[in-house]
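A.B. asks: For reference, the structure I am asking about is given below.
The values are calculated or read from the model by the stated rules, or taken from the named source; none is laboratory data. What you see is a predicted model; the values in this text were computed from it and never measured. All Cβ positions, glycine included, derive from the backbone under ideal geometry; neighbour counts span all protein chains shown. For accessibility, only protein heavy atoms count, side chains too; no ligands or nucleic acids. Shrake-Rupley method; radii C 1.70, N 1.55, O 1.52, S 1.80 Å.
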Amino acid sequence: MSRIHVVDRDGEEHEVDAWVGVPLMETLRELDYGVAAICGGQCSCATCHVYVDESWLDRLPAQHDDEDELLEDLEFRRPNSRLSCQIPFTEELTGIRVTLAPEE
């Protein structure tokens, strides 16, 4: 496991263990304050929406069209919005900082 920084919807920052080798969503949905991830990581619901700290964006894989289309319809989309189900968590992402987007 590796550590990541998660800012919850109340603005409180937490340092948590993240599972390497699975989508970031897997870690975030296990938190009491985490994401809903209703579709289970199928990139079809956008309930795992997060804001990735801008200093980490260039280390992530590019968005696929499906992810971009889902984010396009969100009221709270920002330039640094991503679906955490589409971020494979690797050791290189140890220390990443994400903020949970407001629920839509």
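A.B. asks: Can you tell me the order of 24-31, 70-77, 11-18 when each peptide is scored by its average per-residue count of other Cβ atoms within 10 angstrom, highest first? Mind showing how you got there, number by number?
C.D. replies: Values: 24-31: 20.6, 70-77: 13.8, 11-18: 12.1.
Result, highest mean Cβ count within 10 Å first: 24-31, 70-77, 11-18.
A.B. asks: Given only helices, namely DSSP H runs of n ≥ 4 each adding -39500 (n - 2.57), what is the per-residue ellipticity at 222 nm of the chain, to the nearest 500 deg cm²/dmol?
C.D. replies: -3500 deg cm²/dmol, from helical runs alone.
A.B. asks: Quick check on the chain: take the gyration tensor over C-alpha atoms, sort the square-rooted eigenvalues as a ≥ b ≥ c, and tell me if it's rounded (a/c under 1.5), prolate or oblate.
C.D. replies: In terms of gyration-tensor shape, rounded.
A.B. asks: Next up: Where does the charge balance sit around residue 18 when Lys and Arg score +1, Asp and Glu -1, over other residues with C-beta under 13 Å from its C-beta?
C.D. replies: Numbers: positive: 3, 29, 97; negative: 15, 17, 26, 30, 91, 92.
Taking every other residue near residue 18 into account, the sum is -3.
A.B. asks: Shifting gears a bit: Of the accessible area of the chain, with the probe set at 1.4 angstrom, what percent is carbon plus sulfur?
C.D. replies: Carbon and sulfur: 42 percent of the exposed surface of the chain.
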